[in-house]
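Written below as structure tokens is the structure these notes are about.
The values are calculated or read from the model by the stated rules, or taken from the named source; none is laboratory data. What you are looking at is a predicted structure, and each value in this text was computed from that prediction instead of being measured. Note that we place each Cβ from the backbone using ideal geometry, even for glycine, and neighbour counts take in every protein chain shown. SASA here: full protein model, heavy atoms, side chains in, ligands and nucleic acids out. Shrake-Rupley method; radii C 1.70, N 1.55, O 1.52, S 1.80 Å.
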Amino acid sequence: MTVEFKGLETQLIHAGEPRPRIQGAVSIPIFQSATFECSDEVESKQDSYYKVKYIRLNNTPNHQVLHEKLAILEKGEDARVTSSGMAAISTALLTVLSSGDHLLAQRGLYGGTYDLITKDFPSFGISCDFIDGGDPDSWERKLKSNTRAIYAESVTNPLMQVGELQALVEFAKAKGLLTLIDNTFPSPVNFRPIELGFDLSLHSGTKYLNGHSDIVAGAVIGRGELIERIDHRLAHLGGTLDPHACFLLHRGMKTLALRVKYQNQSALQIAGFLEEHPSVARVNYPGLKSNAAYQRACRWFDGFGGMLSFELKEGLLGAKRFIRELRLPVEAPSLGGVETLITRPATTSHSGMDAAERQKSNISDGLVRLSVGLETSEDLLDDLEQALNA
Ligand SMILES: *Cc1c(COP(=O)(O)O)cnc(C)c1O
């Protein structure tokens, strides 16, 4: 049904769209119906786009177009959308892990994922050890006879580290482990982890995929057989995306490439500016030549993303004053939207971690995280400069 499109921009607009268009509609209408007629008469004359049953089963036309589009974008066999990024992550992990299993997870994970693994999984009989994504020699020591999977993030939050992803895939394949990766930060525009050999790619669609800070959504992309198992579990855990949110996610995704490419450019400029500024102690951005992961990021990524973090020489007090003086960035958690957002991860995304654990992970209280939006880069640079000099 789908025509093949080579370019990512073209895929974003056209891949997965129903042919013929439903009632000729250029933009897929919202199928806000919990259930659908399934009489013999209806089923016999309709193509697959009409073989819909129930919203919780993720199979309205609004879901189907997203599943096909996401699979094509990241070169997976199949995909599912979910009601949040955490729904995608928890459902995928609870599909590949059972009671008695052990997980290896990269250190420096998104706070919600870290909490899920460390606080919720023990009561399900699932254990975990953390590994340093940049130190392959240390992985074997953490392996157990019941280790089933490795969980990583393409770019870790909030320190923007890029692990030895290729070595991770090779290690997992040699040991018969499944590999899952949270690809939220790069988005399919900058990185497609399935091409590198990962089994499952996960997204918080709340962030870049949707890009407008107005819905919560998630996605999982991968091999057909794995997605089928996830689909089954998703139907029972119930983390389905509502059709209206599907519609908004779909609309947001059409401009993903334009947005992310602009954000790549703007963030690189800002990271360079901050690195040169005398009040700034350290900038974390994989696109800086000074960054430990620069070579890796260049090898695998088509862009370095819109996320960066940094510390001021004046530490926490300096960070608080700096944020107060800013006029453009909104002080809010989350990321990947059209507006620039700024937070201190110690008070938002990583507040669930206790202070000692945060310190061990190098997340200082004064660390500032910036999600670069679509404002004019010069306006952002001017604002950052006046706030730094205030
Ligand atoms: C936000 C985020 C999540 C969680 O996604 P929700 O949509 O908020 O559930 C997971 N991973 C990363 C990297 C995120 O930034």
- Does any residue of segment 117-135 turn out to be within 14 Å of the ligand (Cβ to nearest atom), part of a helix (DSSP H, G or I) and within 15 Å of the chain's Cα centre (by Cα)? no
- Item | segment 73-106: number of residues that are more than 16 Å from T118 (Cα to Cα) and either in contact with an Asp or Glu (Cβ under 6 Å, 6 or more places away or on another chain) or more than 12 Å from the ligand (Cβ to nearest atom) (or both) | 10
- Any chance P158 is within 20 Å of the chain's Cα centre (by Cα) and more than 30 Å from G7 (Cβ to Cβ): yes
- Given the structure, is F185 within 13 Å of the ligand (Cβ to nearest atom), closer than 17 Å to E74 by Cβ and not acidic (D, E)? yes
- Would a scan of segment 136-156 turn up a residue that is small (G, A, S), farther than 17 Å from G85 by Cα, within 16 Å of the ligand (Cβ to nearest atom) and crowded, with 18+ Cβ neighbours inside 10 Å? no
- Residue among F198, F247 that is over 25 Å from M307 (Cα atoms) and in the same structural domain as Q64 (by TED's automatic domain parsing): F247
- Tell me which residues, restricted to segment 355-390, are in a helix (DSSP H, G or I) and within 11 Å of P345 (Cβ to Cβ). R358
- Given the residues T347, T376, T343, which is the only one that is assigned by TED's automatic domain parsing to the domain that holds K289 and more than 16 Å from the ligand (Cβ to nearest atom)? T376
- Only one of (1) out of contact with any strand residue (DSSP E or B) (no Cβ under 6 Å at 6 or more places or on another chain); (2) open to solvent by less than 10 Å² (accessible area, probe 1.4 Å) does not apply to S201, and that is (1)
